[in-house]
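The values are calculated or read from the model by the stated rules, or taken from the named source; none is laboratory data. The model shown is predicted, which means the values in this text are computed figures rather than measured ones. Note that we place each Cβ from the backbone using ideal geometry, even for glycine, and neighbour counts take in every protein chain shown.
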């Protein structure tokens with residue numbers, strides 16, 4: 001086995017697992033030649049699949065597991081039972097130092113709970129957050145939290161801002177990322193008390209971060225800022241509204257092209273350009289939500305993803321590991337004066 | 001002056017006022033022949049405009065006002081000063097029984113505050129909500145609250161459900177509307193305590209409403225339910241993310257068609273179909289957010305709207321008035337047992 005980066009793959013998570021995991025790993029292997037995998041799952045299913053991809057087989061080690069966490073399993077079951085699940089074992093590989101990160105398309109709640117329990121949060125981070133890359137008119141932005149924390153304190157939001165800033169710098173390659181706090185109006189008088197105190201908290205920090213103040217929902221697709229900070233409830237709704245609106249538009253567009261002979265012909269002529277459009281908005285391109293703030297890189301691929309989406313999710317993990325995302329967070333937080341280091345607080349709402 | 005429905009128009013609100021208000025009223029006049037208008041604003045500006053539309057002039061009465069509420073005016077200023085503003089005077093016309101409703105493209109916060117102060121809420125409704133129609137894959141749905149109440153109690157959400165249900169029946173013409181509560185997961189274990197108690201509140205009511213339980217952000221554009229109930233913070237973010245994502249997609253599409261000679265030719269061939277697509281997603285088509293729960297119909301047109309959007313906003317007001325929206329709400333609430341009538345409560349969060 002060769003390679004510099006070792007990733008643990010939960011081969012049994014996701015609607016199309018394990019085939020799409022293996023095929024996705026094969027795409028990622030070509031893109032990132034320094035990669036090798038620990039593949040957790042049912043060996044009887046994985047071995048025949050891997051035989052189809054000889055080169056991939058050379059950088060993969062199968063770790064047989066006997067249990068699977070189902071999409072509807074409650075967190076308690078994932079945590080207390082199913083000790084030999086592919087997901088849990090893959091996360092354990094990270095905590096034991098065998099792998100630098102883990103990628104799973106399984107049950108989000110279970111992944112969140114297991115990763116937090118096994119890996120623990122980074123020093124100075126009280127709660128992990130789910131972050132993802134959104135396509136924008138200006139390029140790409142990172143949005144967090146997308147659902148890990150239904151209720152947040154201003155300290156949580158402050159920590160999300162720092163993690164988002166480091167993510168934009170290390171993964172998106174933005175040299176001086178701007179940060180916006182999602183609100184219902186740009187004026188300082190609007191919004192929850194919580195949001196206002198979070199804004200004050202971010203404004204006061206001596207960390208060299210570029211806080212752009214409040215932004216609104218349409219600023220996310222507009223790309224007004226590089227990092228969008230919000231609580232997990234609002235972020236999850238925003239993510240799903242954006243995805244659903246995208247599907248609505250592509251559906252309406254498809255129906256429009258079917259309207260007449262002329263529009264069908266027009267479609268054929270414009271097809272290469274329309275394919276470029278489709279690729280630009282392809283949700284698989286933005287697959288790979290990451291759980292930030294843990295001792296180890298944890299990437300969540302979409303439950304319904306295919307091999308292309310899973311390969312992109314692996315790519316996000318590779319970027320975070322190779323750019324030293326976690327080391328950067330720790331470094332950033334250590335720059336805070338000791339009296340500014342966020343302490344664990346109870347929910348303020 | 002003839003006609004059955006009298007609407008008060010704030011002719012000075014909106015970026016393109018007063019011209020777009022007059023032109024919008026002229027479009028609406030053709031669509032709704034029973035309509036006549038009280039037009040509030042600067043007579044020196046309005047009289048020359050109205051001279052251009054002779055027929056409209058016959059169903060319009062100008063009410064001269066000397067002040068205007070600016071987009072950035074604080075609510076306190078709108079409420080306590082500017083007593084002769086076009087917006088305030090138009091709302092007063094409703095409270096004094098001269099008009100059945102008011103349409104304004106002015107400052108949302110000021111309209112909300114003034115309308116609530118002048119008109120008061122309907123019996124049984126503790127807080128008004130902003131509602132709007134969203135395009136969906138199945139047709140149209142109504143979403144509320146879109147920003148009137150940043151924080152809500154479960155009683156507020158219950159009342160929004162009733163108002164949304166009546167709106168879907170009377171304005172959208174759905175005979176048995178389904179109601180969903182916006183959450184981050186369909187499972188009953190997820191979400192805020194507040195959302196859970198609101199769900200229980202809606203489930204327990206003896207009103208004959210069809211509660212479909214929790215829905216997620218992508219269910220809005222999918223049209224899973226006819227009525228989406230949420231707090232004003234989440235609703236506002238959802239609205240703006242949907243609008244912004246729509247703009248992102250049309251921008252990307254425009255760029256795609258410009259890519260090559262073939263795609264430009266394809267565009268020309270498909271143009272009628274693409275125009276139909278554009279019309280289907282045209283935000284002006286869904287202009288006209290309404291303030292539900294007040295003694296009088298109050299419609300808010302988009303600040304940046306043009307005459308077409310303003311005409312549609314007038315149409316929403318006409319529908320609500322002619323379908324007896326408010327009488328239906330009162331009727332619905334009176335069917336609740338007296339011990340179930342929602343009492344004014346303080347914020348629970």
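Looking at (1) surrounded by fewer than 22 Cβ atoms within 10 Å (Cβ to Cβ); (2) assigned to a helix (DSSP H, G or I); (3) more than 7 Å from every other protein chain (Cβ to nearest Cβ), which is the only condition residue A:235 fails?
(1)
Mind checking which pairs have a first residue in region B:287-305 that is on the phi > 0 side of the Ramachandran plot and a second that is surrounded by fewer than 22 Cβ atoms within 10 Å (Cβ to Cβ) and part of a loop (DSSP other than H, G, I, E, B), Cβ under 8 Å, 6 or more apart or different chains?
B:293/B:122; B:293/B:127; B:296/B:100
Being more than 7 Å from chain A (Cβ to nearest Cβ), out of contact with any helix residue (DSSP H, G or I) (no Cβ under 7 Å at 6 or more places or on another chain) and surrounded by fewer than 19 Cβ atoms within 10 Å (Cβ to Cβ): is that true of residue B:285 here?
no
Looking only at residues that are farther than 18 Å from residue B:245 by Cα and within 7 Å of chain B (Cβ to nearest Cβ) in region A:190-231, which one is surrounded by the most Cβ atoms within 10 Å (Cβ to Cβ)?
For region A:190-231, the residue satisfying everything is A:191.
Can you name the number of the only condition in (1) surrounded by fewer than 17 Cβ atoms within 10 Å (Cβ to Cβ); (2) modelled with pLDDT under 95; (3) more than 20 Å from residue B:119 (Cα to Cα) that residue B:19 fails?
Every condition holds for residue B:19 apart from (2).
Are any residues in region A:121-145 in contact with a strand residue (DSSP E or B) (Cβ under 7 Å, 6 or more places away or on another chain) and at positive phi, and if so, which ones?
Once the filter is applied, which keeps residues that are in contact with a strand residue (DSSP E or B) (Cβ under 7 Å, 6 or more places away or on another chain) and at positive phi, region A:121-145 yields nothing.
How do the strands (runs of 3 or more DSSP E) wholly within region A:42-151 filter down when requiring 2 or more residues that are surrounded by fewer than 19 Cβ atoms within 10 Å (Cβ to Cβ) and more than 14 Å from chain B (Cβ to nearest Cβ): which remain?
Fully inside region A:42-151 and qualifying: A:60-64.
Kindly indicate which of B:205, B:170, B:178 is closer than 22 Å to residue B:125 by Cα and touching a strand residue (DSSP E or B) at 6+ places or on another chain (Cβ under 6 Å).
B:178
Do we find a residue being without any contact (Cβ under 8 Å) to a residue 60 or more places away in the chain and within 13 Å of residue B:298 (Cβ to Cβ) anywhere in region B:89-110?
The answer is yes, given that some residue of region B:89-110 is without any contact (Cβ under 8 Å) to a residue 60 or more places away in the chain and within 13 Å of residue B:298 (Cβ to Cβ).
Given the criterion under 28 Å from residue B:140 (Cα atoms) and touching a helix residue (DSSP H, G or I) at 6+ places or on another chain (Cβ under 9 Å), identify the matching residue among A:276, A:256.
Of the residues listed, the single one that is under 28 Å from residue B:140 (Cα atoms) and touching a helix residue (DSSP H, G or I) at 6+ places or on another chain (Cβ under 9 Å) is A:256.
Going through B:274, B:294, B:269 one at a time, which residue ends up being in contact with a strand residue (DSSP E or B) (Cβ under 9 Å, 6 or more places away or on another chain) and more than 18 Å from residue B:27 (Cα to Cα)?
On inspection, the qualifying residue turns out to be B:294.
Could you list, in sequence order, all residues of region B:248-267 that are at the interface with chain A (Cβ under 7 Å from one of its Cβ atoms) and either assigned to a helix (DSSP H, G or I) or in contact (Cβ under 8 Å) with a residue 60 or more places away in the chain (or both)?
B:248, B:249, B:251, B:252, B:253, B:256, B:257, B:262, B:263, B:265, B:266, B:267
Looking at (1) modelled with pLDDT of 90 or more; (2) surrounded by fewer than 18 Cβ atoms within 10 Å (Cβ to Cβ); (3) within 13 Å of chain B (Cβ to nearest Cβ); (4) farther than 22 Å from residue A:246 by Cβ, which one does residue A:186 not meet, given that it meets all the others?
(1)
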